[in-house]
1. Residues that are loosely packed, with under 14 Cβ neighbours inside 10 Å and at pLDDT below 85: which helices (runs of 4 or more DSSP H) entirely in segment 318-406 hold 3 or more of them?
2. Determine whether THR531 is surrounded by 14 or more Cβ atoms within 10 Å (Cβ to Cβ), closer than 15 Å to PHE440 by Cα and not acidic (Asp, Glu).
3. Out of curiosity, is LEU306 loosely packed, with under 11 Cβ neighbours inside 10 Å, touching a strand residue (DSSP E or B) at 6+ places or on another chain (Cβ under 9 Å) and within 30 Å of LEU390 (Cβ to Cβ)?
4. Where the second residue is of a type in the set (Val, Ile, Thr) and surrounded by 16 or more Cβ atoms within 10 Å (Cβ to Cβ) and the first is in contact (Cβ under 8 Å) with a residue 60 or more places away in the chain and more than 15 Å from GLU367 (Cα to Cα) and lies in segment 380-392, which pairs have Cβ atoms under 8 Å and are six or more apart or on separate chains?
5. So is LEU684 at pLDDT 80 or above, surrounded by 19 or more Cβ atoms within 10 Å (Cβ to Cβ) and under 25 Å from MET638 (Cβ atoms) or not?
6. Out of segment 348-374, which residues are under 15 Å from ALA310 (Cβ atoms) and without any contact (Cβ under 8 Å) to a residue 24 or more places away in the chain?
7. Return the total of residues in segment 293-312 being touching a residue at least 24 places away in the same chain (Cβ under 8 Å) and not aliphatic (A, V, I, L, M).
8. Search segment 457-476 for residues that are on the phi > 0 side of the Ramachandran plot and assigned to a loop (DSSP other than H, G, I, E, B) and pair each with any residue that is open to solvent by less than 70 Å² (accessible area, probe 1.4 Å) and small (Gly, Ala, Ser) when their beta-carbon atoms are under 6 Å apart and the residues are at least 6 apart or on different chains.
Amino acid sequence: MPLNQTVLVLIGLLLAAWTLGAGVAIMSARARLRRAEAGRRHAQRFARMLDESPVIPLLVRTDGRIEAPPKLAEWLGLDQVPQYLSELNAGTRGLEAAQLLELTEAVRRTQKTATPFRTMVTPVGTRRNLAMRGHLADPQVSPGGAALVWVFDFSDAESVLTQLRSEALEARQDTAALISLIEAAPVPMWIRGSDGALRLVNSAYVAAVGANGADEVIKSGTELVEAIDGRTARQVALQSAEGKEPVERQVMITIGGQRRAFRVNDLPLGELGIAGYAFDIEDREELARSLRAFHEAQRAMLDYLLAGVAQFNAQRRLTFVNRPFQAIFTLDAEFLEDAPTFEQFLETARDAGRVPELRDFLQWRREKSEWFTVTETQEEDWSLGDGKHLRIVAQPTPDGGLTLIAKDLTEQHRLGAAHDTLLRTRTATLDSLYEAVAVFAPNGRLQLWNRRFAKEWGLDSEYLDSHPHIEAMLEKIAAGLDHPGEAATVGDAVRSATLDRREIGGRVRLVDGRTLEFAGVPLPDGNGLLTVLDVTDSRKAEEALVERNVALQEAEAMRTQVLVELSHEFRLPLNVIAGFAERLQAGIGGDLNDSGKDYIGAILTSVNRIGEHIERMLELTRTAAGMLPVDREDIELMPFATEIVRERAARIDESGLTLDLRGGKSSGHVTGDRQRLARALGNLLDNAIAATPRGGRILVDVSRQRIPGGDRARIVVSDNGPGMDPATLAGALGGDRLRLDGSVPLRKGLGLPVARELIEAHGGTLDVMSEPGQGTAAIVELP
């Protein structure tokens, strides 16, 4: 029993051990099954990952056999993966022969030397780009020196890479173009680093700072803009970078020895630095100054215009008015200071009565406000309630504003009315003239005429109303002339007056016996005036006067001859009487008593006086006839006057007179006939002696007077006698009374006329001044 129990226990233990072993085996089998399932799923997932991967492994054994996923055949355009590497070229599919040969050589080299390789292939008939990277395979993968080639499909990456390369090329080209543009820019341009130092400058910058090259400028850090208020251009650029905003300023830069205005800009470029450029705005500033000066000069000039001018800007506000405009519309300074609008101006003008009287002012104002929107000039005439007339011109300006011009035409209207009246008056005046007148234009056409003009030439008024040309008119005028060819002289007078601007005239005879005298006179307005006068009667009178003048000349010649002959006949018996009287006085005929001697003296005195009068009359006649011979010699005035005075010293003493002779060597010399000048001055002195009462005083003053252009000799003979009234003086100068017996006192007779004729024959003048009770002065001036 114990044995059986032991056997049973052992059997039980054995069964338990077997059961445990079976459970362990089952558990181990299940575990291996799970691991196999996991490995299968992992292999499937790995295979799937390889299928989805852009990389495919290609295993090339030493004998040329290959192993690869089916996807490689799809990339190469083959139906299936071939067994050998040499079969990757299928003619129209797979790899090209050259690419396959290059791949085969690279694989063999790797298998022999374990040298990795890289190559790129493009399957025939596809757009795929495949990159192959090969190396020696791990022995665990394939022992025996196989080569493992990884095939990458980077078609999309290649397109992206190509695009990136193209963009990079374009970027490089754009950068080069930008640098070339900066270099070729006519304005200074530069680029600074983030620290503000210059990194790039163009040639304009180099030329502006006067450097030899861009490298020199960058190395020395030469700045184009000077420091202003202690801030350098570099500091301003850094400020722009810190604020991340552009900085623009206007500065003065010295270039080529000239200070010019520049607008300098600094532009922050982020991490790339700061760019800058400078524009020369000196010409623009000069233009702006010139424009301001032009506006100021224009407005100053507008103040001197007679027309009123006002300027409105695009906002329709009044910006400028000249003084005539203020006066026309009675605008005060306070109103103008606020820059009123156009509508406010119209309202103020209405209040001042400077717009027409209107029923609907608001509608009228709206219509005038449209002047700002039109493109053409608007012109209107405003008749004001006080009788004034304004001419308004509204000129739109390109900037949207308006220039308003106002001119007061009241005076022009008044002048127009006066002009109409003047025209009517002129027509009436021309028609009432005794002369025939006509006005021709420079083109030869008749403009104005009077009725007498048509009458004198025998022309129809209707024909003249057509304003004919002078050439056509001459044909009609020639028909009425005694000599038709003389009509051309009338045309010459018109052409000379209108074109040559000179006056000529002439005379024609008509077939009816009348004589017309005409003259062409240029007028200030460029026209020509033709005046025609009937001189038939005056011509007859002229002919009669010519005949009478000829007779008078013959009578004058006969009178002169008679006087010459009479003077000769008078002299001969006088000389005989004087000769016998002198013989009797000398006692040749016997001794004479005292009474006989007195008679003989009286006879000689009368004979001498008659001889002097005959000589005076003869000289006067010769002078009047231009027959007086004048000798020329140099005469010193003071001794000459002294000699004349001494010859009359006895008469002066007998008359109880005092004579004062003044002068000196400064009186100089004259050129003339000594005998004739002595006779002239002697006559003046004789007249003074005869006219001065006893106890009187005579003054003879010899001097030289300065005149413009030289000097003249001057001799004054004056007395303090009773003088003469104007009528008596005129008679004495004219010699209207002739007395030979010496009974006529004062200055009657031929003394003064003879003296004047003799002095004028020497180119001098004689002026006699006399006042009753004041005496007489004779003033002689000789060249």
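1. 333-337
2. yes
3. For LEU306, the condition - loosely packed, with under 11 Cβ neighbours inside 10 Å, touching a strand residue (DSSP E or B) at 6+ places or on another chain (Cβ under 9 Å) and within 30 Å of LEU390 (Cβ to Cβ) - is met.
4. Going by the 8 Å Cβ cut-off, the qualifying pairs are LEU390/ILE328.
5. yes
6. If the condition is that a residue be under 15 Å from ALA310 (Cβ atoms) and without any contact (Cβ under 8 Å) to a residue 24 or more places away in the chain, then THR348, ALA349, ALA352 are the ones that fit.
7. 3
8. Taking only residues 6 or more apart or on different chains, the pairs are GLY458/GLY480.
The values are calculated or read from the model by the stated rules, or taken from the named source; none is laboratory data. The structure presented is a predicted model; accordingly, all values stated were derived computationally and were not measured. Cβ atoms come from the backbone with ideal geometry, glycine included; neighbour counts cover every protein chain shown. Heads up: the accessible areas ignore ligands, DNA and RNA and are worked out on the full protein's heavy atoms, side chains in. Shrake-Rupley method; radii C 1.70, N 1.55, O 1.52, S 1.80 Å.
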